[in-house]
Amino acid sequence: MATAMKKTTTKKETVATDELLEDVVETESVEETVVEKVTSKKAEKKKYALTDGIPCRSITQGGLYMHGIKSDIAYKWSNDGDVTEVEYQDLVAAVRSSVSYVMKPYFIIEDKEFVSQFPQLNKVYETMYSVRDLRSVVLDLTPNMMKSTILSLPEGAKESIKHMASAMISNGSLDSVKKIKILDEIFDTKFMLMTEMFS
């Protein structure tokens, strides 16, 4: 009688263990599926409709006008810093035909995803500011002007300023506490700590 009870208990434990193993297997397969979906979403490029508006900021003093190659829309910026949305189809056509508005450039496309899909644009944005221009932004402008100028620069130029500022603080050519604090705020860096190390 005691032996029969032992067998029943063992059987129940085995069933319970099998159910537990089944649960674990199911959980693992669900996790794998979720990971695959997340990975595939990251790899996908953003898709635009032809008429989606892409924000473009003028870097040209005074009025600026551009004729949309595909849509026939007349785009207008009143002054430097103005943002106008240009249809996706017109921007793509302008990039592909190397229109000077885009490639010179007269305005900066502010949609990072769009820019990343065109390596030639990335190259233009990264090389459009010389080292001397960027040094001048940091050294010659007032702190408030420096801040607004840096915030209006394309990503490549911002990265260049960040690295340049680090070198300038290290060699002592940038010692304005106010400017260094602004740079820390913009880039989420700890340049002020560097000044304490080098002083």
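Quick check, is Ser160 surrounded by fewer than 16 Cβ atoms within 10 Å (Cβ to Cβ) and small (Gly, Ala, Ser)? Criteria not met by Ser160. Take the residues of segment 74-94 that are in contact with a Gly (Cβ under 9 Å, 6 or more places away or on another chain), outside any helix (DSSP H, G or I) and among the aliphatic types (A, V, I, L, M): which is surrounded by the most Cβ atoms within 10 Å (Cβ to Cβ)? Among them, the one singled out is Val86. The set of residues from segment 117-138 being charged (D, E, K, R) and within 30 Å of Tyr88 (Cα to Cα) comprises Lys123, Glu126. You will find that of Val124, Val138, Val102, the residue that is of a type in the set (Val, Ile, Thr), in contact (Cβ under 8 Å) with a residue 40 or more places away in the chain and in a helix (DSSP H, G or I) is Val138 and no other.
Here are some conditions: (1) surrounded by 15 or more Cβ atoms within 10 Å (Cβ to Cβ); (2) touching a helix residue (DSSP H, G or I) at 6+ places or on another chain (Cβ under 7 Å); (3) charged (D, E, K, R). Glu126 meets all but one. Which one does it not meet? Of the numbered conditions (1) surrounded by 15 or more Cβ atoms within 10 Å (Cβ to Cβ); (2) touching a helix residue (DSSP H, G or I) at 6+ places or on another chain (Cβ under 7 Å); (3) charged (D, E, K, R), the odd one out for Glu126 is (1).
For segment 163-187, name all the residues that are closer than 27 Å to Phe107 by Cβ and open to solvent by 50 Å² or more (accessible area, probe 1.4 Å).
Residues of segment 163-187 that are closer than 27 Å to Phe107 by Cβ, as a first pass: 163-165, 182-183, 185-187.
Within segment 163-187, His163, Glu185 meet the criteria.
The values are calculated or read from the model by the stated rules, or taken from the named source; none is laboratory data. Predicted model only: the values in this text are computed from it and were never measured. Heads up, the Cβs are rebuilt from the backbone with ideal geometry, glycines too, and the neighbour counts pull from every protein chain shown. Heavy atoms of the whole protein, side chains included, go into the accessibility calculation; ligands, DNA and RNA do not. Shrake-Rupley method; radii C 1.70, N 1.55, O 1.52, S 1.80 Å.
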